[in-house]
Each structure stands twice: as structure tokens, then as C-alpha cells.
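Chemist: Structure below; questions to follow.
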Amino acid sequence: MAVGERSGWLSHLVGKKSPPPAVPAGTRVYAVGDIHGRRDLLERLLSQIASHAGDAPRKNSLVFLGDYVDRGPQSKDVIDFLLQLEWPGWEIVTLRGNHDQAVIDFVEAPLTYRGWRGFGAAETLVSYGVKAPMFDDDRAFAVARDEFVEKCPPEHMEFLRSLKLSHVAGDYMFVHAGVRPGIALDQQSAEDMMWIRDDFLFSNAKLDKVIVHGHSPSEKPVLRRNRIGVDTGAYATGCLTAAVLEGEDCNFLSTVGG
């Protein structure tokens, strides 16, 4: 076997090394993790992002990974802030998390409060000036829903209903929770993109895109070959995190430790 033939055979046997994931040239993407009713941290992190971005000539994208409400005390204030956010020249993408979906579900069917109350419903209602139901009572759930509809600005519900489930930039796909391995990325269900945990988190399967997600909090951002997790439990830890993607690089900004 000739040298050239042997080299080609070895390349075929071991496979060619895939290039590292990248965003398009001339682009920088900031992906912000779960805010959960912490407008104070959101404002602080966005100030860091603005300073980090500077005025270099590039396309800047700001992607929010969902879960603007629940748990923290400022759900209404967070949505007020995002509705007023204007960064000229920036692409701003807002994705939908399972907590955001819970608000929509409650408005459409108040008995869903029974499931929602376990993960931050009361904090959200109180932020809108609504008394949260004290007991497991269908009528109390309906009364709270009616009061919430009355006090929630229409543009807030329009915002929640307009949220996207996913976004793609180069070799990265952005979703709230993750994707189900073994299913094509363009065939993923809304439920999985907002709710999935273990089947995604513990999978080593190589995907067509690197998935950038929140939803599953960790002490520090998670960087693996198939996913980047940026939920650092902001509502409880005071640490709101953003992944910074540029070219083949991935770095992080945080309200704790810079």
C-alpha cells in the first residue's frame, strides 16, 4: 500500500476531527440565563454586557433563555424592564421557559394553579398586587385568575405569548431547557424544549448543534461538548450569568465575580 493510500485509509478509519462550534464571523452572542423575578440582577448584568461589548463594529445578539417570572420578588418589574429595553443595532431574542408558560396556562385554565403554586406562583401574583390563594380551592383559584387578568397589563400577556421556543446562531441552538436526544432538532416538542432535564442533561450524544440552555441550575456555568448551561440559580444565589459566544470562543459574564 502506498504512503498516500495508507494515510487516506487511516483518516477514513478514525474519522476526520470536527471543527469546533462557532457563531458566524463578525457576530457576538450573549445568552442570559433564568432571571426569575430579579430585575436588580438583570440590570446589573446588562450593564456588564454593554461595557463588555463596547463599540466594536460587529453584530451583537442578546438572547434571553426564558423564565422571567416566579421565585424572585420582581416578576412584573422584569417584564416591564424587558418591554422597555431598546439597544439600537442589537438583535434581541426572548425565549419561553416553563415558568412563563405556567402564567399563560393559569390565565387560560385557573385550576392549573394547583401545579404552578409549587414553583413560584405566589411570588408572581404578589408582584402584580394579587393575593395568592391560601387553600386548595377551585373557586379561590378562579378569583385569583380574574384579579390577575384585571391587574396584569395586556402588553405583559402579549409579551409572554410572543416568546419563541428556540433560536439558532451558527453552530448553536438556544432553548430554555434542552432537547430530546435522538430526535431531529427541527422536530423537538415544545414540552421538551421548556421542561426536559435528565434525559438531556446526562446524555453524551453529539447533536447537530451545541445546545445553550437554562432551566437546570448549577453552582457554575456548565460547558460540555454538546451543551452549555447558564442557569446559576439567580433568584437564590444572586448570580445571574450570560454565556458570551464569539467565533469559536465561549466565555461567561456573571453578577458574582464579574
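Read-outs: derived from the displayed coordinates by stated rules, not from any lab. Note that the coordinates shown come from a computational prediction; the quantities given were computed from them, not determined experimentally. Heads up, the Cβs are rebuilt from the backbone with ideal geometry, glycines too, and the neighbour counts pull from every protein chain shown.
Chemist: What's the exposure ranking of PHE159, PHE141, PHE135, going from fewest to most Cβ atoms within 10 Å? Show your work: numbers first, answer last.
Modeler: Values: PHE159 17, PHE141 21, PHE135 6.
Lowest count first: PHE135, PHE159, PHE141.
Chemist: Now for a different question. In bins 5 Å wide, starting from 0, what share of all Cα pairs of region 5-138 does each bin hold, as a percent?
Modeler: Answer for region 5-138: a P(r) of 2, 9, 15, 16, 12, 10, 8, 7, 6, 5, 4, 3, 2, 1, 0, 0 percent.
Chemist: Also, quick follow-up: Taking a cut-off of 17 Å between Cα atoms, list the lysines near LYS151, but don't count ones fewer than 8 places away on the same chain.
Modeler: Counting by Cα, and skipping residues close in sequence, LYS151 has these lysines nearby: LYS76, LYS131.
Chemist: OK, next. If packing is taken as the average count of other Cβ atoms within 10 Å, what order do 115-123, 38-46, 202-210 fall into, highest mean first?
Modeler: Answer by packing, highest mean first, reads 38-46, 115-123, 202-210.
Chemist: Give the percent of DSSP beta bridges with both residues in region 129-258 that are antiparallel, rounded to the nearest 5.
Modeler: 65
Chemist: Also: What ranking do 243-254, 164-175 get when scored by the average of other Cβ atoms within 10 Å per residue, highest first?
Modeler: By packing density, highest mean first, the sequence is 164-175, 243-254.
Chemist: So, counting K/R as plus one and D/E as minus one, what does the shell of residues with Cβ under 11 Å around GLY129 add up to?
Modeler: Working: positive: LYS76, LYS131, LYS151; negative: GLU147, GLU150.
Once all neighbours under 11 Å are counted, the net charge is +1.
Chemist: Give the distance, in whole Å, between the Cα centre of region 81-155 and the Cα centre of region 227-241.
Modeler: 21
Chemist: Could you please tell me the mean projected area of the C-alpha convex hull for region 137-201, averaged over all directions and given in square nanometres to one decimal? The partial results should precede the final answer.
Modeler: Details: hull surface 27.1 nm².
In nm², the orientation-averaged hull projection of region 137-201 is 6.8.
Chemist: Would you mind computing, in nm to one decimal, how far apart the modelled labels at GLU108 and TRP90 are, each placed 7 Å from Cα along Cα→Cβ?
Modeler: 3.1
Chemist: Can I ask one more? At a Förster distance of 51 Å, what's the computed FRET efficiency of ASP198 paired with ALA53, Cβ-Cβ distance as r, to 0.05?
Modeler: 0.90
Chemist: State the Kirkwood hydrodynamic radius of region 157-258 in Å, one decimal place, computed from all pairs of distinct Cα atoms.
Modeler: Details: mean 1/r = 0.0702 Å⁻¹.
It is 14.3 Å.
Chemist: Of the beta bridges DSSP finds with both residues in the chain, what % are antiparallel, to the nearest 5?
Modeler: Rounded to the nearest five, the antiparallel share is 50 percent.
Chemist: Restricting to DSSP H runs of at least four residues, report the calculated mean residue ellipticity at 222 nm for the chain, -39500 (n - 2.57) per run over all residues, nearest 500 deg cm²/dmol.
Modeler: That comes out to -10500 deg cm²/dmol.
Chemist: For a protection proxy built on the mean count of beta-carbon atoms within 10 angstrom, sort 211-217, 48-54 highest first, please.
Modeler: Packing order, densest peptide first, comes out as 211-217, 48-54.
Chemist: Tell me the angle of helix 138-151 to the major Cα principal axis of the chain, expressed in degrees between 0 and 90 and rounded to the nearest ten.
Modeler: Taking the Cα atoms of the chain, the angle to 138-151 is about 80 degrees.
Chemist: Counting C-alpha atoms alone, how compact is region 72-197: give Rg to one decimal and Dmax as a whole number, in angstrom.
Modeler: Answer for region 72-197, Rg first and Dmax second: 16.2, 49 Å.
Chemist: Using the alpha carbon gyration tensor of the chain, what are the three equivalent-ellipsoid semi-axes (square root of 5 times each eigenvalue), largest first, in whole Å?
Modeler: The answer is 38, 22, 15 Å, longest axis first.
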